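The next block holds one structure in the form of structure tokens; read it before the comments.
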Amino acid sequence: MTTRMSVGHSASGDGQALGKQAASEAREKLGSDALLGIVFVTSKTDLGGVTKGVKSVLGQTPVIGCSSAGEFVTDRVSAGGLAIALIASDEMGIAVGMGEGLRANTPRAVQQLSAEFKKTRKPAPAGATQKTIFMLSDGLAGNGEGLVDALAMEAGGGVTIAGGAAGDDALFKETFVFLNDQIRKDAVVAAEITSKKKIGVGVFHGWCAASAPGTVTKAEGGKLVAIDGKPAIDFYRAYAKKLGVELTKENQNAFVFTHELGIVLMNNELKVRAPLSVNDDGSINCATEVPEGKQVRIVEGDHGAIIAAAKTAAENAMQGLGGGPAAGAIVFDCVARKLVLDQKFKQEVDAFRDVVKAPVMGFNTYGEIARVRGQLSGFHNTTAVVAAVPT
């Protein structure tokens, strides 16, 4: 049998109907029981109903999932629907788990997750030495970089990590993850896959520096307080002025959200961070931490660059398969990219599909996770992460 992947999608109905319809489509395409199910679903529906609908089709198959800010499969895109991927394989072992309390103690949540892996782990076949973790986290918990680092340390050397932070349809109020019928906020869920063949992971954002550099002089976790000794919003005001835009309380949130911040790395690469909102004191709330002392620049990218970056991420993922074909791909794609592309977002999904040449399933995230040797690693914003599953 080796490895196969199928996808399903539903764009209408209540939570239970969404789950049942999409799971039924994927199960029929797969033609057998699945090793693992992965679900991305709108926050606008009843997640309890979703899990019931999925379980009515998949039975005891372990399922991880989260709320989304948009979901898609190979040929369909929605904002208010459900996407599911099913993986079947006789070359993989699987373990699933959940860790709670991310905000209070991220390392402890990761330890809880790891302990559940040990309890649920199904033995891998002989010769399965490749380990990949698909991870989904509360998109508003912050400390994304710390979460990825903690999981990498807990899992040990050589592990590949891919995933995304849950969304809530761009409301930025509350996001959820779930493991089977357990639905939680302030939590992380994950599936550990041990396989004979490597799962290829590619990551690319396509943004370039647009502003003069500045240095983060004060930050408190995900709150960017000061750049060059001045309130963080002043850095944006100077850039906006050059564009002929005057920032006000009415437009500043929208401006910072659509003009991301790039952390300048030693090789002049940029790791993008997503500003979410501006506080009364001029500090800026970001999707995850921006460390003090780092040089930052405001970044920009046009439609063509975003779609080209999606293609590059998919190509990098396929290269990780060593030239072999993919059974399918799971994609973690930032909601900001979708908002910039607007009606052209389907072109980005098409780019993933055209490179992978197999079923694609993904969602629009509040942060993207990619920890893999040889590529820009860690917790990202405004980035495309593609995980290609080998046949």
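The values are calculated or read from the model by the stated rules, or taken from the named source; none is laboratory data. What you see is a predicted model; the values in this text were computed from it and never measured. So basically every Cβ, Gly included, is an ideal-geometry build from the backbone, and we count neighbours across all protein chains shown.
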**OP:** Considering each of Asp33, Asp46, Asp14 in turn, give the residue that is of a type in the set (Asp, Glu), more than 28 Å from Leu140 (Cα to Cα) and surrounded by fewer than 20 Cβ atoms within 10 Å (Cβ to Cβ).
**Re:** Asp33
Original post:
Filter the range 170-194 for residues that are modelled with pLDDT of 95 or more and assigned to a loop (DSSP other than H, G, I, E, B); which is surrounded by the most Cβ atoms within 10 Å (Cβ to Cβ)?
Top reply: Thr175
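State all residues of the range 53-70 that are within 26 Å of Ala141 (Cα to Cα) and either over 15 Å from the mean Cα position of the chain (by Cα) or assigned to a helix (DSSP H, G or I) (or both); if no residue qualifies, say none.
Pro62, Val63
Would you mention how many residues in the range 354-371 are under 20 Å from Val41 (Cα atoms) and part of a helix (DSSP H, G or I)?
So the count comes out to 0.
Among Pro275, Pro325, Pro291, which is touching a Ser or Thr at 6+ places or on another chain (Cβ under 6 Å) and of a type outside the set (Ser, Thr, Tyr)?
Pro325
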**OP:** Please verify whether the range 86-100 includes one or more residues that are hydrophobic (A, V, I, L, M, F, W, C), in contact (Cβ under 8 Å) with a residue 12 or more places away in the chain and either in contact with a His (Cβ under 7 Å, 6 or more places away or on another chain) or in a helix (DSSP H, G or I) (or both).
**Re:** no
Original post:
Of the residues that sit in the range 63-91 and are surrounded by fewer than 24 Cβ atoms within 10 Å (Cβ to Cβ) and touching a helix residue (DSSP H, G or I) at 6+ places or on another chain (Cβ under 7 Å), which one is farthest from Lys44 (Cα to Cα)?
Top reply: Ala88
Original post:
Has the range 337-346 got at least one residue that is over 23 Å from Ile298 (Cβ atoms), basic (Lys, Arg) and without any contact (Cβ under 8 Å) to a residue 40 or more places away in the chain?
Top reply: no
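Given the options Val386, Val331, Val299, name the one that is in a strand (DSSP E or B), under 30 Å from Ser277 (Cα atoms) and over 19 Å from the mean Cα position of the chain (by Cα).
Numbers: Val386 fails: over 19 Å from the mean Cα position of the chain (by Cα); Val331 fails: over 19 Å from the mean Cα position of the chain (by Cα).
Just one listed residue meets the conditions, Val299.
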Original post:
How many residues, within the range 101-121, are over 30 Å from Ala170 (Cα atoms), without any contact (Cβ under 8 Å) to a residue 40 or more places away in the chain and not aliphatic (A, V, I, L, M)?
Top reply: 3
**OP:** Considering only the range 195-273, give the strands (runs of 3 or more DSSP E) lying wholly within it that have at least 1 residues that are within 22 Å of the chain's Cα centre (by Cα) and under 22 Å from Asn143 (Cα atoms).
**Re:** 200-204, 223-227, 261-264, 270-273
**OP:** Search the range 1-33 for residues being in contact with an Asp or Glu (Cβ under 9 Å, 6 or more places away or on another chain) and among the polar types (S, T, N, Q), and hand back the single one that is modelled with the lowest pLDDT.
**Re:** Thr2
Subject >> Condition check for Val356: over 20 Å from Leu136 (Cβ atoms), in the same structural domain as Ile233 (by TED's automatic domain parsing), crowded, with 23+ Cβ neighbours inside 10 Å and touching a strand residue (DSSP E or B) at 6+ places or on another chain (Cβ under 8 Å) >> reply: no
**OP:** State which residue pairs qualify: first residue in contact (Cβ under 8 Å) with a residue 40 or more places away in the chain and closer than 13 Å to Phe204 by Cα and inside the range 301-320, second residue polar (S, T, N, Q) and assigned to a helix (DSSP H, G or I) in any location, beta carbons under 7 Å apart, and separation of 6 or more residues or different chains.
**Re:** Ile307/Gln347
**OP:** Return a yes/no flag: does the range 150-159 have any residue that is touching a residue at least 60 places away in the same chain (Cβ under 8 Å), in contact with a Gly (Cβ under 7 Å, 6 or more places away or on another chain) and either under 22 Å from Ile199 (Cβ atoms) or surrounded by fewer than 21 Cβ atoms within 10 Å (Cβ to Cβ) (or both).
**Re:** no
Original post:
Just for the range 101-143: of the residues that are in a strand (DSSP E or B) and of a type in the set (S, T, N, Q), which one is farthest from Ala370 (Cα to Cα)?
Top reply: Gln130
Original post:
Here are Val290, Val331: which of them is in contact (Cβ under 8 Å) with a residue 40 or more places away in the chain and either surrounded by fewer than 18 Cβ atoms within 10 Å (Cβ to Cβ) or within 20 Å of Ser68 (Cβ to Cβ) (or both)?
Top reply: Val331
